[in-house]
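To start, the structure under review is shown below, and the notes come after it.
The values are calculated or read from the model by the stated rules, or taken from the named source; none is laboratory data. What you see is a predicted model, and the numbers here were worked out from it, not measured in a lab. A quick note on method: Cβ atoms are made from the backbone with ideal geometry, for glycine too, and the neighbour counts reach across all protein chains shown. When the accessible area is computed, the model is the full protein with side chains, heavy atoms only, and any ligands, DNA or RNA have been set aside. Shrake-Rupley method; radii C 1.70, N 1.55, O 1.52, S 1.80 Å.
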Amino acid sequence: MTLYRGYLKMQKKFNKKDNKMRDIFDAIQKSAKRIRKAIDIKDIGYSQQENSSGETQLELDIKCDMIIEEEFSKVSSINTIASEEKEHEEVLHVEGKYYIAYDPLDGSSLVDVNLSVGSIFGIYEGAFGAEKMVAACYVVYGPRTEMVFSENKTKLYLLQADEFEFVKEIQLTEKGKLNAPGGTQQNWEPYHKELVDSFFAEGYRLRYSGGMVPDLHQILLKGGGLFSYPATSDKPAGKLRRLFEVFPFAFVYKTSGGEAINGTSDLLTLGFAHIHDTSPCFFGSKYEINRVKEVYAKNA
Ligand code: FBP
C-alpha cells in the first residue's frame, strides 16, 4: 500500500470519526438555540413531576430535556443518552458508539430571578465512565449565549445571528483571583471553612451565583481561581452529579490546563455505581487545587 493510499485511509478514518463528533456538536448547537428561545417564555411554573433526586421539576426542565432528546435521536452515532431529569438511561441507536450524559438546564431554579443558567454535556465512547470521556461541552444562557467545547483543546463560541461563531481557545493560568464556595456554610467542615477563608485573606474575590455553569465559566474566562462544592454534614457525598455535571467540567478544566479533584483524588479517576451518583468537587487552577490537596490530605 503506497504511503499516499495509507494517508488517504487514515484521513477517511479520521474524517469519519470527526464527522461523528461533528454531528453531536451540531445537535448540541441546535438544542442550545431552541433552549434559548424556550427560556425566554413568561410562564416558568413547576410541573407535577419529580426528578430522581426528589426535586420538583420545572416545566422548563422537562421542555429542555425533550428538546435535547429530539435533537440527539437524529444522530446515529449516539448509542445511549442519560439525562439528569430522567431516572434511567435510554438507548437511541445500538450501532452508535457514543454515550452522552447531560443536564438539560443546570441551575434552572435561577431562571425566575433572571440569573444565568446552562446546559452541560459529557460525551463518552463505548460506555459511561470518567475514563471513557472523549469530549465535554456546556452552554451558558446569560446576557449572551456562549458555548464551550472541549476535545483536545477548549474552545469558546458565541451565538451571533443564529450561528455559533468561534471566538478563542481557553487556557487557565497557574493561579487566579476568584473564589466560588458552594454548599451550606453551617454544614462545612471547620478545615474547609479555614481553607475558603484563607483565599479571601489572600485577596481573592467572592464570585458565587448558585449556578454551576456561570460560576465555572467565569473562573475559566477570568483566568483562574477555585470553585468548590465539598462534602457537608447534610450532603456527605456532595450535591453535584458525577456523570452529568462533575466529570464534564473536570474534562473541560483539565483540557484547559487546570485541575479537578474530590479533595484528594483526580475526579476523572472516579467510578460510579448509579448514574445519579454525586461527588464533592473542586475545580480550579493548579495553585488553588494544590492548596486544597494539602488541607484535605491532612484532614479528610
Ligand atoms: P440543579 O442541577 O438541580 O440545577 O442543581 C445544581 C446547582 O444548582 C448548581 O448549578 C449549583 O452549583 C448548585 O446546585 C447550587 O447549590 P446550592 O444552592 O446548595 O449552593
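With N set to the residue count of segment 103-204, report its C-alpha Rg divided by 2.2 N^0.38 Å to two decimal places.
Taking the Cα Rg and dividing by 2.2 N^0.38 Å, one obtains 1.35.
Per residue of segment 60-67, what does 6.51 cos²θ - 1.76 cosθ + 1.60 with θ = phi - 60° give for ³J(HN,Hα)? Whole Hz please, x for Gly and Pro, Karplus curve as stated.
Computed from phi, the couplings for segment 60-67 are 5, 4, 5, 4, 5, 5, 5, 4 Hz.
What residues have an amide H closer than 5 Å to that of residue 279, excluding those fewer than 5 places away on the same chain, when H is modeled at 1.01 Å from N in the peptide plane?
Hits under the 5 Å cutoff: 239, 240, 242.
Tally up the carbon and sulfur contribution to the accessible surface of segment 205-300 as a whole percent, 1.4 Å probe, everything protein left in place.
The nonpolar share, carbon plus sulfur, comes to 52 percent.
Amide H neighbours of residue 177 under 5 Å, at least 5 residues apart or on other chains, H built in the peptide plane: list them.
The list, which skips near neighbours in sequence, is 224, 225.
To one decimal place, what orientation-averaged projected area in nm² is obtained for the convex hull of the Cα set of segment 184-224?
For the Cα atoms of segment 184-224, the hull's average projected area reads 3.3 nm².
Run the simple label-point estimate for residue 56 and residue 235 please: 7 Å along Cα→C-beta, distance reported in nm.
2.0
May I ask you to compute the full-extension gain from residue 184 to residue 266, defined as 0.36 nm times their residue separation minus their alpha-carbon distance, rounded to one decimal in nm?
Full extension of this stretch gives 27.2 nm more.
Can you tell me the Rg and the Dmax, both Å, for the Cα atoms in segment 43-141?
In Å, with Rg to one decimal and Dmax whole: 13.9, 43.
Rounded to the nearest 0.05, what FRET efficiency do residue 205 and residue 160 give with R0 = 30 Å and r taken as the Cβ-Cβ distance? Could you check?
The computed FRET efficiency comes out at 0.50.
Can you pull the semi-axes for the chain, root of five times each eigenvalue of the Cα gyration tensor, sorted largest first, whole Å?
Whole-Å semi-axes of the equivalent ellipsoid: 31, 24, 19.
Hey, what number do you get for the chain at 222 nm if only DSSP H runs of n ≥ 4 count, each worth -39500 (n - 2.57), divided across all residues, to the nearest 500?
-10500 deg cm²/dmol
Just order 206-218, 244-256 by mean Cβ neighbour count inside 10 Å, highest at the front, would you?
Top to bottom by mean Cβ count within 10 Å: 244-256, 206-218.
If you build the Cα gyration tensor of segment 175-290 and take the root of 5 times each eigenvalue, what three semi-axes come out, in whole angstrom, biggest first?
Sorted largest first and rounded, they come to 20, 17, 12 Å.
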